[in-house]
């Protein structure tokens, strides 16, 4: 039980990596509230957790929602020790082919969403005497993936914001780190494979797997294990890092 | 018990970070052979470790010598019955710029910190392949990423270890061996004390220099060796099943500061 009596908020916690993180944290003894933009999926996730998760619904793109979600989470948990900024979307396009609205939305969810939630969550973590924040970046923030310019910029922004936050709140004993997953077996990946692969999405999955040293895509639980490490006291001297969990993709 | 049933070899295991790694691995259920060049320290550490009736054995040797490296791996495998985890931790630090360091010191620095990783891995990796895969953790340093003055050979050796980690990850992924590096910042170890005392000189105030190091940290403290060991544990365990070729900083945020 590596998170005994810790209180955690996980954004985008209803599915994929966020759900796996929420589940692992709960298994390790934490009280967990998931935040998600999709109320039906959030309800499903709570059900799947056996009623263990609390939930709050809202859009990290909206400052008011961010404030309310943090307030609701803190009310349910009685305080906050751990924040996982996981909510994210994925759009495609180069700077010439990207749609303006899509560009804005991409940056608003993946980068500004971290800002908005942290703005309200950090004071709560300070009240608790310190804690840990894990932001979700991506290998797409480390290397350039063609036709992923907005996504790449948003995720690289998350890496630098992670460093800035680590420097800003070290004094208050808040560690801030981020994870850079490669391809992970999630609904988000499935949608990308369907979009790119047409009638044969499996072909795209195999292609993604072939890009890694380990020749496979990750399971969400493997990202959750890394998030657990960074959120726990095991990482007590680690702050400001971007940890790739990418099967060696970015090391090549 | 996150390493139950695993067999690990840790170099430089008689003191400092290596000692903390052996201690943590034993606590997590692994059987451990550790190597050290210091015969007395090695015996002392083995005595302390075996108090709890755990399977642990100290081996004496110099990782910079091919014959020693081969023998160390052989003896470890004989004792453990195979090998799943290798931690290349043995290291030294010798001061100097490229102008004022002696040729012998340069060779020795590279021979231990980089050559030691190469030599131990040369003999250990085939054993891990026999075991069906495993994990290698190399100890780099924050000095692999930042240019500390008067630490040319040390910095070069550690920078090379970080890159060798990526190459090994690439070479042995097909054998299910993950290879990562842990890069500590300031850690409370005999090596640190030795380095700071050397910097202070015979009559210098080494405590003041140490305090300056600590004040320069984001977290305003040096790491305990146990905090490096917990990062090594993570990378050596199945929890890091999709992590390979990475350089994990365990430096209290030092590298990211202005």
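Laboratory data are not the source of any read-out in this text; all were calculated from the coordinates shown. Just so it is clear, the model here is predicted, and its values are computed rather than measured. Cβ sites come from the backbone with ideal geometry, for glycine too, and all protein chains shown count toward neighbours.
A few comments on the model shown:
- Region B:150-239, relative contact order [Cα under 8 Å, separation at least 6], %: 25
- Peptide B:228-240 - average C-beta neighbours from other chains (10 Å radius): 4
- Per residue Cα convex hull volume in Å³ - calculated over chain B: 128
- Ordered from longest to shortest, the equivalent ellipsoid semi-axes for region B:25-89 are 19, 15, 9 Å, each the square root of 5 times a Cα gyration tensor eigenvalue.
- Base-10 log of normalised Debye intensity for region B:6-135 (one unit scatterer per alpha-carbon) at q = 0.10 Å⁻¹: -0.31
- Average projection area in nm² (convex hull over Cα atoms of region A:80-217, one quarter of hull surface): 9.0
- Degrees, to the nearest 10: B:206-215 long Cα axis against longest axis of chain B: 80
- Pairwise centroid distance, computed over Cα atoms, of region A:76-130 with region B:118-179, Å: 35
- Relative contact order (%) - criterion: Cα under 8 Å, at least six apart; region: region A:18-154: 24
- Take the Cα of residue B:52, step 7 Å toward its Cβ, do the same at residue A:119, and the gap between the two points is 4.8 nm.
- Modelled label reach - residue A:75, point 7 Å along Cα→Cβ, region A:47-69 residues with backbone N closer than 19 Å: A:53-60, A:62-69
- Spin-label pair residue B:38/residue A:145, simplified geometry with 7 Å Cα→Cβ offset, distance in nm: 4.7
- In this calculation the C-beta distance from residue A:209 to residue B:99 is compared with R0 = 56 Å, giving a FRET efficiency of 0.70.
- By the Cα gyration tensor, chain A has an equivalent ellipsoid whose semi-axes, rounded to whole angstrom, run 27, 19, 19 from largest to smallest.
- Mean-position separation - Cα centroids, region A:230-250 and region A:137-171, in angstrom: 14
- Where a label projected 7 Å from the Cα of residue A:252 along Cα→Cβ would reach, residues of region B:242-258 with amide N under 14 Å: B:244-245
- For region B:9-150: relative contact order, % (alpha-carbon pairs under 8 angstrom, 6 or more apart): 25
- Its alpha carbons give region A:73-115 an Rg and a Dmax of 14.9, 47 Å.
- Between helix B:190-200 and chain B: long-axis angle, C-alpha atoms, 0 to 90°, nearest 10: 20
- Nearest-ten-degree value, helix B:103-113 long axis tilted from longest Cα axis of chain B: 40
- Given their separation in residues at 0.36 nm each and the Cα-Cα distance between them, residue B:197 and residue B:130 gain 19.7 nm when the chain is fully extended.
- Three-way shape label, region B:101-163, alpha-carbon gyration tensor, a/c 1.5: oblate
- Based on alpha carbons, the Rg and Dmax found for region B:1-60 are 10.1, 30 Å.
- Neighbour counts of other Cβ atoms within 10 Å put A:162, B:11, A:56 in the fewest-to-most order A:56, A:162, B:11.
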